[in-house]
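A.B. asks: One structure, pasted below without further comment.
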Amino acid sequence: MVREFTHFIGGKHVKGTSGRFGDVYNPTTGEVQARTPFATTAEVRSAVEAAQRVFPEWSSLNPQRRARVMFNFKALVEKNIDELAHMLSAEHGKVLADSRGDVQRGLEVIEFACGIPHLMKGEYTESAGTGIDVYSMRQPLGVVAGITPFNFPAMIPMWMFGVAIAAGNTFICKPSEKDPSVPMRLAELFLEAGAPAGVLNVVNGDKEAVDAILKDPDIKAVSFVGSTAIAEYVFTTGTAHGKRVQAMGGAKNHAIIMPDADLDQVVDDLIGAGYGSAGERCMAISVAVPVTDKLGDELVRRLRPRVESLKVAPSTDPDANYGPLVTKEHREKVKAYIDLGVKEGAELVVDGRDFRLQGYENGFFLGGTLFDKVKPNMKTYQDEIFGPVLQIARAKDFDEAASLPSKHQYGNGVAIFTRDGDAAREFASRVQVGMVGINVPIPVPLAYHTFGGWKRSAFGDVNQHGLEGVRFFTKIKTVTARWPKGGVREGASFVIPTMR
Ligand code: NAD
């Protein structure tokens, strides 16, 4: 009997009523292990009402008391991290240590959100005019929502609800239908941490639930992370319905390798950042750009045996480098890109398409794949592949290499490997990409900085977490106050007040 998930509304598990479901696989065996109910518009509405009911109580709690709930939640997640990591790996397929990292990176945003009393503080000007003081305050928006992707089912929900809820909002999370267990469990733990019922709700679903969120007049802001086509749709639909929207999309992250780089370190970094989590990371390195042909030849010579010997195994194998892809459908999509790369004329150095794992023949595994001599006019270069496929696009000099990520439609992450401070500094300043690594392969900013790409990797102007996250989930109010001394009246003024 296949397990059936619920929604989590107003602090209770609620059975789905639509009769529509999505399958949740065990990607290691290929079996369906559970099914996710797809919410109706009415079910989304009941979550909005639960969140609305508790908003006055939660938002008027002093920020230090809200922070205490965040501290309790952090302790509970830490206590349950093994359970969460196993749950995550069982649905996503990433190796256990990486699942722990997924939870940990989310927890770092919770730690940041524990500082909300400080982060919400406004500004104050004494005596801006005679007897006049001006001050500003940040206030929560109300009911807000987050729509999250399959690839970081712990970190990304925590990016969003951590900051939003600490700031006094109440929240509806619509997780990926492929691996919703961790967000559901986080919502249970949040309740256990002392949050009133309804502060954090989870509504499972597909396009119908997303549309209900985007059109509901009582949801004030929507944070989205997922593929670019859906991010753009969420941004245009949500803003057309008067909401504040931030929508992060897909990526194609380049690594520029200068001839003076430490090549042993570069090869380690490319292997980890290109193939970790089966390449299903929006900050995975997917294109390596060696500067000069000579360096390209040497890079391929060193990478080939490393890619051939990658250990692809179930997520519970402590020696596994990466596990299966999330679904069979996604694996077939990645395979089709490898077929296309061959057709387009790129040189297939290592072919992972025929990889089979004994005993797990129905699992969604795919071997590591390496392409050389990939050109910017190829579709496989232009698109995001999102699998264990690294492409090498050779450049003749620094200028050509640096222009590739800048000209690409995506602008999420990029890295440069060099010992030359001048080249690195010039690159970081010039490149048209939102997050830059200098000898750092996956430059995901820490929780107190902010995460966000440029160009078609993000729609909307405000990043995730850090101060930008606090700004996204709050609105500012500025108060100009005059307390005239007794008996002094200035009479009516018909001109705009100015400060003389
Ligand atoms: P996805 O776009 O398929 O799904 C994301 C969310 O949108 C899910 O909750 C899903 O249920 C919902 N959704 C799917 N189809 C929809 C539709 N037609 N209408 C409305 N909603 C819909 O993305 P995914 O496959 O879960 O995640 C992988 C993608 O996310 C990759 O493109 C990856 O680069 C991107 N990603 C980006 C970032 C970032 O911060 N830039 C981070 C992680 C992942």
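A.B. asks: Gap in Å between the Cα centre of the stretch 391-413 and the Cα centre of the stretch 272-331?
C.D. replies: Cα centroid of the stretch 272-331 versus Cα centroid of the stretch 391-413: 19 Å apart.
A.B. asks: Calculate for the chain the 222 nm mean residue ellipticity that helices alone would give, adding -39,500 (n - 2.57) per DSSP H run of length 4 or more and normalising by residue count, nearest 500 deg cm²/dmol. Let's see the in-between values first.
C.D. replies: Values: 16 runs with 194 residues, N = 500.
That comes out to -12000 deg cm²/dmol.
A.B. asks: Scan around GLY437 for amide H atoms under 5 Å from its own, H built in the peptide plane at 1.01 Å from N, and keep only partners 5 or more places away or cross-chain.
C.D. replies: Correct list: VAL414, ALA415, ILE416.
A.B. asks: How are the C-alpha pair distances of the chain spread across 20 Å bins, as whole percents from the shortest bin up?
C.D. replies: P(r) over the chain, rounded to whole percents: 23, 51, 22, 4, 0.
A.B. asks: Pop a pseudo-label 7 angstrom from the Cα along the beta-carbon direction at both GLU400 and ASN439 and give the gap in nm to one decimal.
C.D. replies: Label-label distance for GLU400 and ASN439, simple model: 2.7 nm.
A.B. asks: Please list, ordered by chain and number, the residues whose modelled amide H lies under 5 Å from the amide H of LYS94; skip anything fewer than 5 residues away on the same chain.
C.D. replies: HN-HN under 5 Å from LYS94: empty list.
A.B. asks: Now a separate question. List, in order, the whole-Hz ³J(HN,Hα) value for each residue of the stretch 146-151 obtained from phi through the Karplus relation with A = 6.51, B = -1.76, C = 1.60 and θ = phi - 60°; use x for Gly and Pro.
C.D. replies: Values, residue by residue: x, 10, 10, x, 6, 7 Hz.
A.B. asks: Another question about this same structure. State whether the stretch 253-438 is rounded, prolate or oblate according to the following rule on the C-alpha gyration tensor (a ≥ b ≥ c being the square roots of its eigenvalues): a/c under 1.5 gives rounded; otherwise a/b larger than b/c gives prolate, and the remaining case gives oblate. Before the final figure, lay out each step's value.
C.D. replies: Values: a/c = 1.82, a/b = 1.66, b/c = 1.10.
Judged from the Cα gyration tensor, the stretch 253-438 comes out prolate (a/c at least 1.5, a/b above b/c).
A.B. asks: Additional query: Report the local net charge at GLY460: Lys and Arg +1, Asp and Glu -1, summed over other residues whose C-beta lies under 15 Å from its C-beta. Walk me through the numbers on the way to the answer.
C.D. replies: Numbers: positive: LYS220, LYS243, ARG244, LYS455, ARG456, ARG471; negative: GLU232, ASP461, GLU468.
Once all neighbours under 15 Å are counted, the net charge is +3.
Quick note: the coordinates plus some simple rules give every number you see, no bench work behind them. Source: prediction; values computed, not measured. No Cβ is skipped: glycine too gets one built from the backbone with ideal geometry, and neighbour counts run over all protein chains shown.
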